[in-house]
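For reference, the structure is listed below as structure tokens.
Just so it is clear, none of the values below were taken in a lab; they were calculated from the coordinates. Quantities reported herein were computed from a predicted structural model and do not represent experimental measurements. No Cβ is skipped: glycine too gets one built from the backbone with ideal geometry, and neighbour counts run over all protein chains shown.
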């Protein structure tokens, strides 16, 4: 996925950044497809590098549970985070970049231990929080040219992914009451 982002940014740069307008344009039904395209389009190589490092780091941790898990988390975060951004984002602006996906991965890792009731996953969440927590919080503060809406919605989608993909707990089998003879 990251390799695809790099290929797309190379094409975008060679094409004078014409793809930048193909992101999420809030509440514009004719541009709803931007929910799917926006994580793959970046404003510059610096923007892409800023997303690549945490995306690879966090994605590798998620992928320890298998490629299918990474794919499921990615789909949930891209779709729900993108739809949330489409609903609350600023009008007339194309929101692009994978930072919503980065936030989704981070909050997935931060919360999955609670839903799975796993000490190892809770510790993983603590490590992610220590390394990326301050950056995540600062990125929710509105800055010119930065979509706090995409960060917030991606983060919320990561929590939803952790809940939706939680391990099912086997319920204890209770013996049927004995019937009188």
| said: Compute the helix-to-body angle for 2-14: its Cα long axis versus the longest principal axis of the chain, expressed 0 to 90° and rounded to tens. | reply: 10
| task | Two decimals is fine: what's Rg over Rh for the chain, C-alpha atoms, Kirkwood radius as Rh? | result | 1.11
| query | Is the stretch 1-75 best put as rounded, prolate or oblate by its Cα gyration tensor, with a ≥ b ≥ c the root eigenvalues, rounded for a/c under 1.5, and otherwise prolate when a/b is larger than b/c, oblate when not? | reply | oblate
| said: Please compute the modelled spin-label separation between residue 53 and residue 27, points set 7 Å along Cα→Cβ, answer in nm with one decimal. | reply: 3.7
| task | Compute the acute angle (0 to 90°) between the alpha-carbon long axis of helix 45-63 and the principal axis of greatest extent of the alpha-carbon atoms of the chain; round to the nearest 10°. | result | 10
| query | Once both axes come from the Cα atoms, what is the angle between helix 119-138 and the longest principal axis of the chain, in degrees from 0 to 90, rounded to 10? | reply | 30
| task | Before anything else, pin down the relative contact order of the stretch 2-163: Cα pairs under 8 Å, at least 6 apart, normalised by residue count, whole percent. | result | 27
| Can you give the FRET efficiency for residue 46 and residue 127, using 1/(1 + (r/R0)^6), R0 = 22 Å, r = Cβ-Cβ distance, to the nearest 0.05? | 0.25
| When the helix-only estimate is applied to the chain (DSSP H runs of n ≥ 4, each -39,500 (n - 2.57), divided by the residue count), what is the mean residue ellipticity at 222 nm, nearest 500 deg cm²/dmol? | -19000 deg cm²/dmol
| query | Given a Förster radius of 41 Å and the C-beta distance between residue 167 and residue 91 as r, what FRET efficiency does 1/(1 + (r/R0)^6) yield to the nearest 0.05? | reply | 0.50
| task | Compare the peptides 45-53, 82-90 by average per-residue count of other Cβ atoms within 10 angstrom and give them in order, highest first. | result | 82-90, 45-53
| request: Can you bin the stretch 71-152 into rounded, prolate or oblate? Criterion: square roots of the alpha carbon gyration tensor eigenvalues sorted a ≥ b ≥ c, rounded for a/c under 1.5, prolate for a/b above b/c, oblate for the rest. | output: oblate
| query | Under a point spin-label approximation (7 Å from Cα along Cα-to-Cβ), what is the residue 68-residue 137 distance to one decimal in nm? | reply | 3.8
